[in-house]
Amino acid sequence: MEPYLLGIGMGLVSGLIPGVGNFVLLLLAWPFLYNFSVMELLIIYVSMASISQFIGSIPAIVFGIPGESSSFPAVQESKRLNTIEEVSKSISGSAFGSAFGGIVVAGLCFYFVQYLDLIKHFYSTKLLVGLLLTVCFVMVLTIDNKWWVNILLIISGLLLGSIGYNSYLNTEFLTFGINSLWSGLPLTVVLICLFAIPQILNNINVPIKRLGNCFEIGKAYILNPIYLFFSTVIGFFGGLVPGLTTVFSSISAYNVSLLFTNNPVKRIVVSETANNAGAFSMLLPLLLFGIPIIGSEAILLFLMEQKGFSIVSWDFTSSFRELSISLIYVNIVGLFIAWPLSKCVTMFYKINLNMLMYIILVSLFFITLYTGHLNYNMGYYLICFTLLAPIGAFLRNVNTLPLVFTFIVHDKLIDGVYRLSQILGV
Amino acid sequence: MKNYLIIGALLFSTSAVADSLTILNSGSKTGGFSMQSTAYSQDLADEFNITLVNPGDRCVALGNLLPKIDGPVLMPWASDYEAVGRDGACVTYDINQGTVVRYDTSPVYVCSRGGDISKDSGKVAHTVPANGPLARVISELNNEFGTTHTPVVYDGSGDARLAIINGEVDYALLSKKHTGIVIEADSTINCDVSLAASGLNSLPASSGNDKIAFGFDTVWIIINADSDLTNKIKMSMMENHLNCESAIGTWSKCNTTLNSRWDLTTEEVNKNWETMVATQR
């Protein structure tokens, strides 16, 4: 099979199904991947990562569920889309923005490949902690809750994330001697219960205004290229953050957009542009230094090593140029997959949306069970779902993005602050 | 139709005959244990029905999953995990509950951006935990040489590697597999193998300071298997290590990055293991 096609197919699945990310997909596709060369494996991975970002925005914008973890901002803003035209614009704008972000990053990497080694300076504890704290600070000021509610949500996210055993500090927090709690609360369950469920409940019974001007539907919406370029830059550097990559890209760009615009369409496009830029830059530490910064990259590295990849003998320049060209191709394909869906918005809304939301809620329950099964801990996932879902329902009128963000970054933030104190000698 | 039936019968008979084996990774999803577990899952698949279980967390792997697995299990375990566990972290494992088939000794190398760790004080990158064996090594180095090194803890070897490459720290304590990559990334960094192999690594013996364990021991254990099956798995593992084309052979650069012993007696394993765990506590 063509590596492009396999990667694109995997990206479609990864983007559409919450909880099934690139890591799980790579494990499932393992038997098929062993026959590919190093460059083909990279093309598959890049295709999958990029297409999942293109596609993940569709369920986020239309139905308010994050197909990809990086689609939180799109989910958040989707409930402010009041017309079919806005929904359509968001989809086409995201498709064009994503393609812009991906192609610009690929193009710049292609021409500045000899300077890419400079990204090693990005991996500074001071910079990482500074970035994380800045995003938290901006969230307090900009997320549409009262400022003290945002602070409470940030503290709650940090506390919930801290439950379990911290291997960095060799300490435990609120485990009560229960084995399952040592690994902390499952990310998928927290995201479903404390982010997806409040969003969905908030969207039930909210009518979409039907616009008469159908000519607008599906028409290409392209955001100001200057905004797109800045989103791309933010997304590029966000993609380099270990463990967070595209999530950090989209949330950072989204936070910056909150300072400049109140338009939900623009905010969605900005964040979706950023996460596609990050989908490529996250590969740089792996290719430059042999360091995987997320789980799926570790699997990729292993597969590549089976095919003779060695960072010492790897011809980075020529291989990376070939990969950049592949990325441009993949982004064009992504654009032509995602953009036509903006013409289908009216079809989406012919469905009984309330009924659909209830179906999605039930599906999320089964996704919880499935991911629990994949992690060999279904009972624990079920208990967490039972406990957290009512809290999610209670928070249906609150924007829980600060809570979810700090839950995801808690270890980077806590460990980073500790490491910074070591470096500064305080 | 007849051919399909024959193929089906063959497949059925093969799956019925092959022994099942669960490979349980007790390390993180991005580290060396994960890579090796994945490699074994591929190499041993011709002879066994392999299930790879990779939770990415030793607390979950040993606390939750291992007790639920009835069949044969192949699992890695490290002396520093055990040392931290005995000091109160989530799990410990008595290696005598299974059979240790592979025993690895991995010295830690000192990579330097130019300074001499026994004279020039600076920031020293090491891997987790913050109060673990490597942090104590740095403390003992300060006691031994009168230096004032500051330990800086990183989440994994990859992060520690980057820290010395970008100059955030002056030294990094790394395993052999990582040293070549560091030198390739920045030729001014010196990872003195001889220093680790015969200098600092032999410090406990030469200085009489038994608080310094400048390396790690790791074991691969087979659990819930009789001696015949244990030997079969062990032989298959050894064959694959000697085969440079195998997955584990590729990962270990044709077995050159590992220092594995396959012939240790139970007494030798226990003696080496307990000594290493004790010095790391």
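Since every read-out is calculated from the coordinates, none of them should be taken as a lab result. What you are looking at is a predicted structure, and each value in this text was computed from that prediction instead of being measured. Counting neighbours? That spans all protein chains shown, and the Cβs are built from the backbone with ideal geometry, glycine included.
Taking amide H positions as placed in the peptide plane 1.01 Å from N, state which residues far from A:Gly184 in sequence (5 or more) or on other chains have amide H under 5 Å from it.
A:Tyr165
Under a 5 Å amide H to amide H cut-off, with H placed in plane at 1.01 Å, what residues pair with B:Thr150 once short-range neighbours are removed?
Excluding prolines and chain starts, which carry no amide H, the hits are B:Gly122, B:Lys123, B:Val124.
Return the distance in nm (one decimal) between the two label points of a simple spin-label model at A:Leu159 and A:Leu387, each offset 7 Å from Cα along Cα→Cβ.
Modelled inter-label distance: 1.3 nm.
Per residue of the stretch A:374-386, what does 6.51 cos²θ - 1.76 cosθ + 1.60 with θ = phi - 60° give for ³J(HN,Hα)? Whole Hz please, x for Gly and Pro, Karplus curve as stated.
Once θ is set to phi - 60°, the couplings for the stretch A:374-386 become 4, 9, 6, 8, 5, x, 5, 4, 5, 5, 4, 4, 4 Hz.
For a quick check: sort B:Arg261, B:Arg58 by the number of other beta carbons within 10 angstrom, fewest at the front.
Details: B:Arg261 15, B:Arg58 28.
Exposure proxy ranking, most exposed first: B:Arg261, B:Arg58.
Once you treat every alpha carbon in the protein assembly as shown as an equal point and sum by Debye, what is log10 I(q)/I(0) at q = 0.05, 0.06, 0.08 Å⁻¹?
The Debye formula, applied to the Cα set alone, gives -0.24, -0.35, -0.64.
With a/c under 1.5 counting as rounded, go ahead and sort the stretch B:224-279 into rounded, prolate or oblate using the C-alpha gyration tensor (a ≥ b ≥ c being the square roots of the eigenvalues; past the cut-off, prolate if a/b is larger than b/c, else oblate). Can you show the working numbers first?
Numbers: a/c = 2.98, a/b = 1.31, b/c = 2.27.
It is oblate, given that a/c is not under 1.5 and a/b is not larger than b/c.
In what order do B:Met235, A:Met10, A:Met355 fall by count of nearby beta-carbon atoms within 10 Å, going from fewest to most? Present the calculation step by step, with values, prior to reporting the outcome.
Numbers: B:Met235 13, A:Met10 24, A:Met355 9.
Taking fewest neighbouring Cβ atoms as first place, the list is A:Met355, B:Met235, A:Met10.
Rank the residues A:Ile103, B:Ile69, A:Ile234 as a footprinting-exposure proxy: fewest other Cβ atoms within 10 Å of their Cβ go first. List each step's numbers first, then the result.
Values: A:Ile103 22, B:Ile69 16, A:Ile234 27.
Fewest-to-most Cβ neighbours within 10 Å comes out as B:Ile69, A:Ile103, A:Ile234.
Between A:Leu5 and B:Ser118, what is the FRET efficiency for a Förster distance of 60 Å, r being their Cβ-Cβ separation, to the nearest 0.05?
Working: r = 57 Å, r/R0 = 0.95.
E(calc), rounded to 0.05, equals 0.60.
Hey, for a label at B:Thr150 modelled as a point 7 Å past Cα toward Cβ, could you say which residues of the stretch B:82-121 have their backbone N under 16 Å away?
Flagged as within label range: B:120-121.
How would chain B be classified by its alpha-carbon gyration tensor: rounded, prolate or oblate, with rounded meaning a/c under 1.5 and the a/b versus b/c comparison settling the rest?
Values: a/c = 2.35, a/b = 1.88, b/c = 1.25.
Prolate, because a/c is 1.5 or more and a/b exceeds b/c.
Can you list the residues, at least 5 places off or on another chain, whose amide H is less than 5 Å from the amide H of B:Leu52, using H built in the peptide plane?
B:Ile23
Compute the whole-percent fraction of alpha carbon pairs in the stretch A:352-411 spaced more than 13 Å apart.
Values: 1273 of 1770 pairs.
Every Cα pair in the stretch A:352-411 considered, those over 13 Å come to 72 percent.
If we count trypsin sites (Lys or Arg not before Pro) as exposed when they sit in a DSSP loop and have at most 16 other beta carbons within 10 Å, what is the longest stretch of chain A that avoids them all?
With trypsin sites (Lys or Arg not before Pro) excluded where exposed in loops, chain A gives A:220-306 as its longest stretch.
Give the share of C-alpha pairs in each 10 angstrom bin for the stretch A:39-135, from 0 to the last occupied bin, in whole percents, shortest bins first.
14, 30, 34, 19, 3
Once phi is turned into θ = phi - 60°, what whole-Hz ³J(HN,Hα) does the Karplus curve with 6.51, -1.76 and 1.60 give for every residue of the stretch B:66-73, x standing for Gly and Pro?
After applying 6.51 cos²θ - 1.76 cosθ + 1.60, I find 3, x, 8, 9, 8, x, x, 10 Hz.
Report ³J(HN,Hα) in whole Hz for each residue of the stretch B:255-260, in order, from the Karplus equation J = 6.51 cos²θ - 1.76 cosθ + 1.60 where θ = phi - 60°; Gly and Pro get x.
6, 7, 8, 10, 10, 9
Of A:Leu341, A:Leu81, A:Leu169, which is the most mobile in a GNM of chain A whose springs link Cα atoms less than 10 angstrom apart?
A:Leu169
Evaluate the distance, in nm, between pseudo-label points positioned 7 Å from the Cα of B:Lys68 and of A:Phe137 along their respective Cα→Cβ axes.
4.4 nm
Once you put a point 7 Å from the Cα of A:Tyr329 and another 7 Å from the Cα of A:Val362, both along the Cβ direction, what distance in nm separates them?
It is 4.3 nm.
Pop the C-beta distance of A:Ile226 and A:Tyr111 into the FRET formula with R0 = 30 Å and round what comes out to the nearest 0.05. Write out the running numbers ahead of the final one.
Numbers: r = 20 Å, r/R0 = 0.67.
The computed FRET efficiency comes out at 0.90.
Rank A:Gly278, A:Gln199, A:Leu108 by how far each Cα sits towards the positive end of the charge dipole of the stretch A:3-424 (+1 on Lys, Arg Cβ; -1 on Asp, Glu Cβ) and give me just the farthest.
Of the candidates, A:Gln199 comes out farthest on the positive side.
What residues from the stretch A:112-128 fall in the zone where the backbone N is under 16 Å from a label point 7 Å along the Cα-to-C-beta line of B:Asp186?
Within reach of a label on B:Asp186: A:116-127.
Please report Rg over Rh for the stretch A:3-424, where both radii come from the alpha carbon positions and Rh follows the Kirkwood definition.
0.95
Tell me whether the stretch A:114-173 comes out rounded, prolate or oblate; compute the Cα gyration tensor, take square roots of the eigenvalues as a ≥ b ≥ c, and use a/c under 1.5 as the rounded threshold. Could you put the intermediate results ahead of the total?
Working: a/c = 3.90, a/b = 1.29, b/c = 3.02.
Oblate.
If r is the Cβ-Cβ distance from B:Asp263 to A:Ser319 and R0 is 41 Å, what FRET efficiency results, to the nearest 0.05?
Numbers: r = 42 Å, r/R0 = 1.02.
With a Förster radius of 41 Å, E is 0.50.
Please compute the length gained on full extension between B:Asp87 and B:Asp228, using 0.36 nm multiplied by the number of residues separating them and subtracting their Cα-Cα distance.
Numbers: separation 141, 0.36 × 141 = 50.76 nm, distance 3.57 nm.
Once the chain is fully extended between B:Asp87 and B:Asp228, it gains 47.2 nm.
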